[in-house]
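Presented below is the structure to which this report refers.
The values are calculated or read from the model by the stated rules, or taken from the named source; none is laboratory data. From a predicted model like this one, the values you see are computed outputs, not experimental measurements. Note that we place each Cβ from the backbone using ideal geometry, even for glycine, and neighbour counts take in every protein chain shown.
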Amino acid sequence: MRNPILAALDVPTADEALRLVQQLAPVSGGFKVGSELFAAAGPDIVRRIRDLGATVFLDLKFHDIPNTVARAVAAAARLDVQMLTVHASGGTEMLKAAEQAARETADQLGQAPPLVLGVTVLTSLDNDALSQVGLEPDVSRQVRRLAQLASQAGLRGLVCSPREVAELRQMLPAAMQLVVPGIRAGAVAGDDQKRTLTPREALALGADWLVIGRPICAARDPRAAAEQILNDLAAGAANR
Ligand code: C5P
């Protein structure tokens, strides 16, 4: 079984991130570096995680003019990340420029191109928030619209919320990689994720990758927490 866990390194320092990578490398499919860690530790943290042989998902959600996004994607590809994010609302030209930059840079370096993932609607936005910024005041319609746009622009993956994965899986090409956060094995005290799925549910609905932060990284024993999730997934796969 391929390991679908992407552990979110939502920590403020390189030392904390590297400690987690060392503990978790044997039990996770990769590591997500987001804005907090990148702003604190810079591209060097990505190089250091790659030097340990782990897969990196660089989640900086680029959204700018096509030329700037293309250059940012090229820089990320030169860091040899395996996945990165752009906002699908940046429009067709920006999305095409991102995908093209990923492919061209990887070709020049003789590497596989990073998977450029489109972010549709942030899960922190509701219908009212969309309407305030002048967008379609229906989150699920807006998600479908942007997913279609990203797919038509040639993107090979999307980040989507647990509430969207089943519907998007049905409407998109089968090869589209769906990366799903908001994964919880059980209740976590003081948690801000409202719509969650268990790891098994998310895979059964069609997710390819599971972004898991606090349930693993904030656990007393992160490695044991990840192992427990993997064991549960293996049991689920055996039952199918
Ligand atoms: O700790 P938790 O498992 O909630 O972490 C989920 C990770 O996925 C965080 O890094 C968060 O920023 C990210 N994320 C999310 N919801 C989205 C997009 C990204 O929770 N819609």
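Observations, loosely collected:
- Unique residue being out of contact with any helix residue (DSSP H, G or I) (no Cβ under 9 Å at 6 or more places or on another chain), basic (Lys, Arg) and either surrounded by 14 or more Cβ atoms within 10 Å (Cβ to Cβ) or closer than 21 Å to ALA224 by Cα (or both) when the list is ARG2, ARG48: ARG2
- With respect to (1) more than 18 Å from ALA219 (Cβ to Cβ); (2) touching a residue at least 40 places away in the same chain (Cβ under 8 Å); (3) in contact with a helix residue (DSSP H, G or I) (Cβ under 6 Å, 6 or more places away or on another chain), the lone exception for LYS61 is condition (3).
- Looking only at residues of the stretch 105-141 that are buried (at least 19 other Cβ atoms within 10 Å of the Cβ) and more than 18 Å from the chain's Cα centre (by Cα), we find that the one that is farthest from ARG169 (Cα to Cα) is THR105.
- Of residues in the stretch 30-41 being of a type in the set (Gly, Ala, Ser) and surrounded by 19 or more Cβ atoms within 10 Å (Cβ to Cβ), the one farthest from PHE57 (Cα to Cα): ALA41
- Filter result (at pLDDT 90 or above and touching a Lys or Arg at 6+ places or on another chain (Cβ under 8 Å)) within the stretch 163-196: GLU167, LEU168, MET171, ALA175, MET176, GLN177, LEU178, GLY182
- Lone qualifier among ASP191, ASP208 - being closer than 21 Å to THR85 by Cα and acidic (Asp, Glu): ASP208
- Here the condition is being modelled with pLDDT of 95 or more, polar (S, T, N, Q) and crowded, with 20+ Cβ neighbours inside 10 Å; of THR92, THR85, THR68, it holds for THR85 alone.
- Which numbered condition VAL133 misses (of (1) in contact with a Cys (Cβ under 6 Å, 6 or more places away or on another chain); (2) farther than 22 Å from ALA207 by Cα): (1)
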